[in-house]
Amino acid sequence: MAVTDHVDLNQFMEGVKKRNPYQPEFVQAVQEVAEDIFEFMEDKEEYHAQQILRRIAEPDRVVSFRVCWEDDNGNIRVQRGWRVQNNNAIGPYKGGIRFHPSVTESVLKFLAFEQTFKNALTGLPMGGGKGGSNFNPKGKSVREIMRFCQSFMTELYRHIGADVDVPAGDIGVGGREIGYMFGQYKRITNHFTGVLTGKGLEWGGSLIRTEATGYGAVYFLENMLATKGEDLVGKTAVISGSGNVATHAAEKIVQLGGKVLTLSDSGGFIHDPDGIDQEKINWVKTHKTHRRGRIEEYVEAFPKASFHAGKTPWGVPCDMALPCATQNELLGEDAKMLVANGCRAVSEGANMPTDLDGVHTFKHAKLLYAPGKASNAGGVAVSGLEMSQNSERRSWKEEELQQMLKDIMAGIHERCLTYGDQGDGHIDYVKGANIAGFKKVADAMLAFGVV
Ligand code: NDP
């Protein structure tokens, strides 16, 4: 077959499946994007001829390495670490590090692929990457976590750099872990550079980085509602997760006059019909982050709430849903239930929380539905601003950063409209985000020739 012969979507996906066996999350992420991109590319010969989508769906490199560390009892433990550098066409690789037992090469490849489009959507010069390990921080002592982070960085430092690849946090990696990894990077290289984001304020971090993903997801929701002439006041929200993204999304919803009904963790969800106000959110933050507790203990502190073991919160009737825990946590059946119960808007705080069935259900129901690559981009956007501040060796004020975050989220919303506005009053945000992200990266790749 000549190179310029077109394969169709099914043939393309067959190839992706064949080349990436046992990597269902990666295949799922590529499929979701390819569905929109094939339609967009129909009359764009150059993208086909240059095999642009095929090239974006093949990471620039995947580094896999052994991470050895010693636990508190003197046992030697062995974990696997990865850094997936997906694409650096528009800037240095950028994306978080995840420590969770569910981490596999497939999960990190899907996250790095998604990150490539997300970072392009922010309008900032950042390529896409992701990393992590199957290390489980739960139940580990602080010293064990420190030793693990140091060992992880002892290999990772060779592959990253302020102009090469700039990791941040993700599930299981917060300010403390970033501190241990930055300390080890500095010890090995003797360089104090902006090689990681999500740093502490005393050593190069940016204000509002911690809040940015959750706040950004709610700003995006606000932008979507505004297209219908609505706002958040008096609307109910169902949120999953109780980590960084979930608690800050909850906080911003409360600030903007909405009512949060649920939060969750891997043990189940809590439903508080009175609403989870700021005081209760503070309790969750302290309980989950600092005390490493379980969400089920919420009902002891706030007895009017109920705990639902092993369940996700999507059956609770609401106006808005924000999945903020992890991938594939909202399935086709859950999406149908949300639609049937009158949910009008979904803003994803997590990455790919909705499976393909669910995505198709939301698209079909013509909901206001924002995919994570658009709605959760606030975190990486403020990471991009942290990189700029590090390069300039200065720190911007909180008000400036808050405004920049709002503007960036409005900009992403605008970019989604360019390709997602269906002209019948419905906006397909998935399509809009996929095409706008793809086009920016693809055009840069065309400029570089075949590399
Ligand atoms: P955290 O580690 O702070 O919190 C994760 C939350 O999700 C916890 O409540 C955790 O419960 C729950 N969770 C994790 N895995 C599962 C699972 N398999 N089943 C059910 N619940 C689970 O992570 P973040 O809040 O930072 O990240 C949440 C999501 O947001 C992820 O998809 C991440 O990739 C995405 N994201 C994060 C960004 C950031 O800036 N932090 C930026 C953009 C996206 P438990 O405590 O029981 O483990």
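Table for the structure above
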read-out	value
Selection count, region 78-91, where residues are touching a residue at least 40 places away in the same chain (Cβ under 8 Å) and either more than 17 Å from Glu58 (Cα to Cα) or among the hydroxyl-bearing types (Ser, Thr, Tyr) (or both)	3
Glu300, sole failed condition from (1) within 16 Å of the ligand (Cβ to nearest atom); (2) in a helix (DSSP H, G or I); (3) modelled with pLDDT of 95 or more	(1)
Residues located in region 21-38, provided they are surrounded by fewer than 18 Cβ atoms within 10 Å (Cβ to Cβ) and part of a loop (DSSP other than H, G, I, E, B)	Pro21, Tyr22
In region 317-374, residue surrounded by the fewest Cβ atoms within 10 Å (Cβ to Cβ) [restricted to those that are more than 16 Å from the ligand (Cβ to nearest atom) and basic (Lys, Arg)]	Lys366
Search result, residues across region 155-168 that are touching a residue at least 24 places away in the same chain (Cβ under 8 Å) and either buried (at least 18 other Cβ atoms within 10 Å of the Cβ) or among the basic types (Lys, Arg) (or both)	Leu156, Tyr157, Ile160, Asp165, Val166, Pro167, Ala168
Condition met for His271 (of a type outside the set (S, T, N, Q), out of contact with any Ser or Thr (no Cβ under 8 Å at 6 or more places or on another chain) and outside the structural domain of Val142 (by TED's automatic domain parsing))	no
Every pair of residues 6+ apart whose Cβ atoms lie under 9 Å, when the first sits in region 264-280 and is on the phi > 0 side of the Ramachandran plot while the second is at pLDDT 95 or above and part of a strand (DSSP E or B)	Gly268/Phe307; Gly268/His308; Gly268/Ala309; Gly275/Thr236; Gly275/Lys259; Gly275/Val260; Gly275/Leu261
Test: residue in region 114-131 that is out of contact with any helix residue (DSSP H, G or I) (no Cβ under 8 Å at 6 or more places or on another chain), within 16 Å of the ligand (Cβ to nearest atom), under 19 Å from Met387 (Cβ atoms) and assigned to a helix (DSSP H, G or I)	no
Filter result for Asn390 (surrounded by fewer than 24 Cβ atoms within 10 Å (Cβ to Cβ) and under 20 Å from Pro125 (Cβ atoms))	yes
Whichever residue in region 179-207 is surrounded by 22 or more Cβ atoms within 10 Å (Cβ to Cβ) and aliphatic (A, V, I, L, M) and, among such residues, is farthest from the ligand (Cβ to nearest atom)	Val195
Subset of region 208-235 that is of a type in the set (S, T, N, Q) and under 30 Å from Leu156 (Cβ atoms) - its residue that is nearest to the ligand (Cβ to nearest atom)	Thr213
Residue match in region 85-93 (condition: within 16 Å of the ligand (Cβ to nearest atom) and either touching a His at 6+ places or on another chain (Cβ under 6 Å) or of a type in the set (A, V, I, L, M, F, W, C) (or both))	no
Leading residue by the ranking (modelled with the highest pLDDT) among those in region 277-294 that are part of a loop (DSSP other than H, G, I, E, B) and within 14 Å of the ligand (Cβ to nearest atom)	Arg294
Identity of the residue in region 136-161, of a type in the set (Val, Ile, Thr) and part of a helix (DSSP H, G or I), that ends up nearest to His100 (Cα to Cα)	Ile145
Total residues in region 236-260, condition assigned to a strand (DSSP E or B) and more than 14 Å from the ligand (Cβ to nearest atom)	5
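For every residue, the table says whether it meets (1) among the small types (Gly, Ala, Ser); (2) within 16 Å of the ligand (Cβ to nearest atom); (3) touching a strand residue (DSSP E or B) at 6+ places or on another chain (Cβ under 6 Å).
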position: Val382; (1), (2), (3): no, yes, no
position: Leu385; (1), (2), (3): no, yes, no
position: Ser388; (1), (2), (3): yes, no, no
position: Lys397; (1), (2), (3): no, no, no
position: Cys416; (1), (2), (3): no, no, no
position: Gln422; (1), (2), (3): no, no, no
position: Gly449; (1), (2), (3): yes, no, no
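The values are calculated or read from the model by the stated rules, or taken from the named source; none is laboratory data. Owing to the predicted nature of the structure, the values given are computational and were not obtained by experimental measurement. Here Cβ is always computed from backbone atoms with ideal geometry, including for glycine, and neighbour counts include all displayed protein chains.
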